[in-house]
Amino acid sequence: MKNLASYILVLLCCGLAWSQLKTARRCLREKVITFSKQTTEGYVQLHANETMDFSKITVCLRFYTDENLKTIIPFSLFTPTYLTDFTLTYSPLTKQYYLTVHNGKAAFNGLPFNLNQWNSVCATWDASSGLAQMFVNEVPSVKKAIGPKEAFKGEPKIILGQYQTGPSAFNPDYVFTGFISDVHVYKEVLTPLLIKNYMEAKIKFKLGDYISWRNLKHTLAGSVQVEERHHVTFYTKQDVN
Ligand SMILES: *[C@@H]1O[C@H](CO)[C@@H](O)[C@H](O)[C@H]1NC(C)=O
């Protein structure tokens, strides 16, 4: 009897957990994802079509937050080999952006961060030189050496809105709240001109060839929601396309 009860309990719990996970493939043009709760339950997982096998990378996204104390990590890419294989971080306290590649880390000073406004961020890294560069709201950083000069390999777990500390674990100190939009991952280092097109949201900016917001297989977990950008913020030039 006790066994039956625990069996039913497990079924119920799994059912509940399962019903909270929604996986879909959609075009998210002009959509944002709203992260409204300070809990590790809410996140978005992005699914790529293929395992990673590339030596250059560019990640672009826009985020909007009013977090002025806690470190935020809008994007994290985990592999079994490297816990923080590619992670984008901003610390309001030190006013620095951080980029992590293959567990190596570099800090970038003096790049813009605006509370309650869209911040457009692109980060590039090339395994042949080991050099990274960040671009925020059209300000390019200097280049910095990060991590071992190795290609990205294997099955990634790409998460928006949480900091991954293990295969299925998130650190409650780094929960993102706000909006995230226009996430693209490229298997190359985009030129500054292409990055400028993305930042200015030019009609024909280049879409990600590894992860594309315009054709995105993704899983929504917890209280995160997809909303129309013009339902959450005023019209900006980023809404044109
Ligand atoms: C992934 O595959 C789908 C379906 O074949 C395709 O439409 C989409 O463009 C692919 N995504 C990327 C980023 O190449």
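Note on the stretch 172-212: among residues that are aromatic (F, W, Y) and open to solvent by less than 20 Å² (accessible area, probe 1.4 Å), the one that is farthest from the ligand (Cβ to nearest atom) is F176. So how many residues does the stretch 41-74 have that are out of contact with any Phe, Trp or Tyr (no Cβ under 8 Å at 6 or more places or on another chain), closer than 27 Å to G130 by Cβ and among the hydrophobic types (A, V, I, L, M, F, W, C)? Residues in the stretch 41-74 being out of contact with any Phe, Trp or Tyr (no Cβ under 8 Å at 6 or more places or on another chain), closer than 27 Å to G130 by Cβ and among the hydrophobic types (A, V, I, L, M, F, W, C): 1 in total. Evaluating H218 against the criteria (1) open to solvent by less than 50 Å² (accessible area, probe 1.4 Å); (2) over 28 Å from S129 (Cβ atoms); (3) more than 15 Å from the ligand (Cβ to nearest atom); (4) at pLDDT 95 or above leaves one unmet condition, (3).
Can you pull out the residues in the stretch 3-26 that are modelled with pLDDT of 90 or more and either of a type in the set (S, T, N, Q) or out of contact with any Ser or Thr (no Cβ under 9 Å at 6 or more places or on another chain) (or both)? The answer is T23, R25, R26. Determine whether the stretch 136-158 contains at least one residue that is free of Cβ contacts under 8 Å to residues at least 40 places away in the same chain and within 16 Å of the ligand (Cβ to nearest atom). No: zero hits. Over 22 Å from L207 (Cα atoms) and among the hydrophobic types (A, V, I, L, M, F, W, C) - does that describe any residue in the stretch 35-51? Yes, some residue in the stretch 35-51 is over 22 Å from L207 (Cα atoms) and among the hydrophobic types (A, V, I, L, M, F, W, C). Scan the stretch 30-54 residue by residue and report those that are within 16 Å of the ligand (Cβ to nearest atom), surrounded by fewer than 14 Cβ atoms within 10 Å (Cβ to Cβ) and part of a loop (DSSP other than H, G, I, E, B). N49, E50, T51, listed by residue number.
Residue count for the stretch 174-208, restricted to those that are at pLDDT 95 or above and of a type in the set (D, E): 2. Is one or more of the residues making up the stretch 57-67 surrounded by 22 or more Cβ atoms within 10 Å (Cβ to Cβ), in a loop (DSSP other than H, G, I, E, B) and in contact (Cβ under 8 Å) with a residue 24 or more places away in the chain? Yes - at least one qualifying residue is present in the stretch 57-67. Of all the criteria given as (1) out of contact with any Lys or Arg (no Cβ under 8 Å at 6 or more places or on another chain); (2) in a strand (DSSP E or B); (3) open to solvent by 70 Å² or more (accessible area, probe 1.4 Å), the one not satisfied by P80 is (2).
The values are calculated or read from the model by the stated rules, or taken from the named source; none is laboratory data. Because the structure is predicted, anything quoted here is derived from the model rather than measured. Every residue, glycine among them, receives a Cβ derived from its backbone with ideal geometry; neighbour counts consider all protein chains shown. Side chains are part of the model used for accessible areas, which takes the heavy atoms of the whole protein and leaves out ligands, DNA and RNA. Shrake-Rupley method; radii C 1.70, N 1.55, O 1.52, S 1.80 Å.
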